[in-house]
Every structure is written in structure tokens, then in C-alpha cells.
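Quick notes on the structure that follows.
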Amino acid sequence: MTGPSSTQYNGTSGPLPATYNGGRIDPYLTNIAIADFQADQDFLTPTVFPVLPVAMQGGRYSVWERGSLLRPEMRRKPYGDRPVQGSYKIGNDSFWCENSALEKVIDPADIANAMDPLQPFEGAVNYLTLNARLSMDKEWGERYFQPGVWAYQYVGKASNPNAALDTPEFLQFDQAGAMPAQFVRSRGARMGLMTGRKPNVLIVGENVFQYLTFSPDFVDRVKYVQQGIADLALMASFFDVDKVVVARGVYNAAAEGLADDFKYLVDANSMLLVYAAPRPSKDLPSAGYTFNWRGLFNQMKGAQTDAQNTAALAIIRRGYDDRAPADWIQIHTAYEMKITASDLGMYFSDVIGENLLDR
């Protein structure tokens, strides 16, 4: 074990913890990462669906059969008789959390030249945290924000959509005669009828959001509000949901050495309407859950702090490589994103005909 890299520094809460060759969970740097996660309002993974901490890497959870839960079975009875015996059917499904990690090596020259010895470490944590967000949200989009994974999916048409009940077609929002609020509210009512749960979160792509902000239907309602501007709270009220989330995260799809190719993490022209449980519980229905394995860090060798008190979606480990020689910072997380009730989600593609982002 080596000594602390610094005994004191300015602008922080105290000296850096001791560095171990085998590595350790660093509570100070982990707190930086957690704060970065919480400050990023565009981070989809913990914003849409509940994060459910689990002690084991894998396990099972209940799947309630909605038909039996919504069937009235209570009956009147004479005093003294036994009540009618009710029952409901429960199935189960499973989850399995996989570990993801990334390491950043810190050049000793950066530490030697830094006015604040913590700065190179904080810079590494910021880089690792950003990369973790991008990786998790990219997986979020691939898992949830696409056709073919939800029980209900709809496609926007420029004209003459099929108007039959539960049709997969609707009139694109930027076409004459479209009524976005009425359409989304009617789909929400349909979900409530079929599942007993009214959707409470609407996730929209950036192109959809840009149009809705200035759409005639929305602006006409906003002009009577005191602030007179369109914000997400007003938009949520407009669509009769608790929360509207704009999926505006971007990433570089180009391999290193090639020209940058910036893309949205999800389809900017689509939206997703879901019911998300208000709090995490394996016994509460929700369109999706992120199972977060907190027990992973007990497997890691070397002196460690209590991971459960320092971990949110990720923890930071810090160590020193004698062979390099160099300090290193790692970020670790273990989770599975899972659709736990496909009938509590509705996916809408081609919501807007015109790409406003290319103007």
C-alpha cells in the first residue's frame, strides 16, 4: 500500500484516500460520479423506469396476470358463511445482471503538473461517467425505444391513415388536421382500458419535441398560461401524463480515426408512451425496470469500502499499477434493462413528416 497522493488540497472536502495496488472503491470519487449522474437531466436510464437494487446477480420476479386481477369476485354473503374464495394467477420471469466497466490510466506527468492534485482524477471520473451514461442510454434506446418490442405500436402517415380501432396508423402530427393531444390521450385511455394502468410518462425524440413546442394545437393552449412559454410541465398536462422526457442525448458513431458521425441515441422522430411504477418494487407492475446488482463489488479483491453506501448506478475504483507506473481509475456497474410488461408501452414511429433538425 502506498501513502496518499496528497495530504491536503483546496476546494475539496479532504485528502485523497490511500491508493492500493489491488484497487479499492473510492467513496470520494464515487460521489463525484453519482453527482454527475444526478445532474444530467438527459440521462434516460434512471429517469424513465425505476432502478431496482438487487442483492444477487440473477433472480426471478412476479408477473401478474392482469385478467385475473381485474375480475371482480367479491360477493354478498349471509352473516356467518365463509366468503367466496378468490384467486389470481401469477407467473414469473427472470433477470440477469452483467458487469460493464471502463478504465482510464492517469499519466504521472499530469499529476506532477497539476496545481490541484485532485484535478486529473476528477477529469478521469468525468470522462468515465460520461462514457457510462452514453453506453447505458444507447442500450436503453436499443432495448426500449424501437418497434417490435411493445404490445402496441403505431406508424405515422402523411395522409389517409386507417382509422379503425387499434389501427397501427395515425396522422403525422405536422399534417393539417392532426390533433396530437387528442390522439395521445385516446391511446392512453386505451391502455387504461386494456391493462387497468393509465400511462404516466411520454418520451419524445428531439424532432418530435421541436415540432410540438411550436405546434398550433399546443401553442394555442400555452398562450393562456401565465409564463406564456412551452415547458415540459405544460406539455405533460397537454398529453395527460405525469412527465414528458425529451430523448436528446447524442453520441459519435464513427470509429476512432474516422470523421465524426454524431447521431441521436434514439430515433428523433419517434415517441414512447409508458406506465412506469412510481417506486421500485419487484411486486409493482411497470413497463420496464433496470435491475441494479449491488452485490457485485463483494467479489472484488483488495481493501474496499462499503460499496452499498457509495454506489448508485456505478462505483469508482482507484488503484496504482507498479509496472507502468501509473494511477488508474475504473468505473463499474452491473444491471439488466428489462421490459417487464410489454402491454404497458406504446411505441410511435414517423411521428413527424418533416425533419426540423436539418433546417
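Might you let me know whether region 19-40 holds any residue that is within 21 Å of L313 (Cβ to Cβ), at pLDDT below 75, under 28 Å from the mean Cα position of the chain (by Cα) and exposed (fewer than 11 other Cβ atoms within 10 Å of the Cβ)? Within region 19-40, one or more residues are within 21 Å of L313 (Cβ to Cβ), at pLDDT below 75, under 28 Å from the mean Cα position of the chain (by Cα) and exposed (fewer than 11 other Cβ atoms within 10 Å of the Cβ). Inspect region 45-61 for any residue being among the small types (G, A, S), modelled with pLDDT under 85 and more than 30 Å from S186 (Cα to Cα) and give the result as yes or no. Within region 45-61 (the criterion being among the small types (G, A, S), modelled with pLDDT under 85 and more than 30 Å from S186 (Cα to Cα)), the answer is no, since none of the residues qualifies. None of S186, S159, S135 is of a type in the set (S, T, Y) and free of Cβ contacts under 8 Å to residues at least 12 places away in the same chain except S186. Of the residues that sit in region 260-287 and are hydrophobic (A, V, I, L, M, F, W, C) and farther than 15 Å from V245 by Cβ, which one is surrounded by the most Cβ atoms within 10 Å (Cβ to Cβ)? Ranking the qualifying residues of region 260-287, first place goes to A277. The single condition among (1) modelled with pLDDT of 85 or more; (2) out of contact with any Asp or Glu (no Cβ under 6 Å at 6 or more places or on another chain); (3) under 27 Å from C97 (Cβ atoms) that A303 does not satisfy is (1).
For every residue, the table says whether it meets (1) under 16 Å from the mean Cα position of the chain (by Cα); (2) at pLDDT 90 or above; (3) farther than 26 Å from W150 by Cβ; (4) not aromatic (F, W, Y).
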{"site": "D240", "(1), (2), (3), (4)": "no, yes, no, yes"}
{"site": "K243", "(1), (2), (3), (4)": "yes, yes, no, yes"}
{"site": "K263", "(1), (2), (3), (4)": "no, yes, no, yes"}
{"site": "N269", "(1), (2), (3), (4)": "no, yes, no, yes"}
{"site": "Y289", "(1), (2), (3), (4)": "yes, yes, no, no"}
{"site": "D322", "(1), (2), (3), (4)": "no, no, yes, yes"}
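Taken over region 148-169, residues that are over 18 Å from the mean Cα position of the chain (by Cα) and under 12 Å from Y347 (Cβ atoms) amount to 8. When the residues of region 338-356 are narrowed to those that are out of contact with any helix residue (DSSP H, G or I) (no Cβ under 6 Å at 6 or more places or on another chain) and part of a strand (DSSP E or B), which ends up farthest from G196 (Cα to Cα)? Checked region 338-356; the qualifying residue farthest from G196 (Cα to Cα) is S349. Considering only region 319-332, state which residues are over 18 Å from S100 (Cβ atoms) and in a strand (DSSP E or B). Those that are over 18 Å from S100 (Cβ atoms) and in a strand (DSSP E or B): G319, Y320, D321, A326, D327.
The values are calculated or read from the model by the stated rules, or taken from the named source; none is laboratory data. Just so it is clear, the model here is predicted, and its values are computed rather than measured. Glycine also receives a Cβ, built like all others from the backbone with ideal geometry; neighbour counts cover every protein chain displayed.
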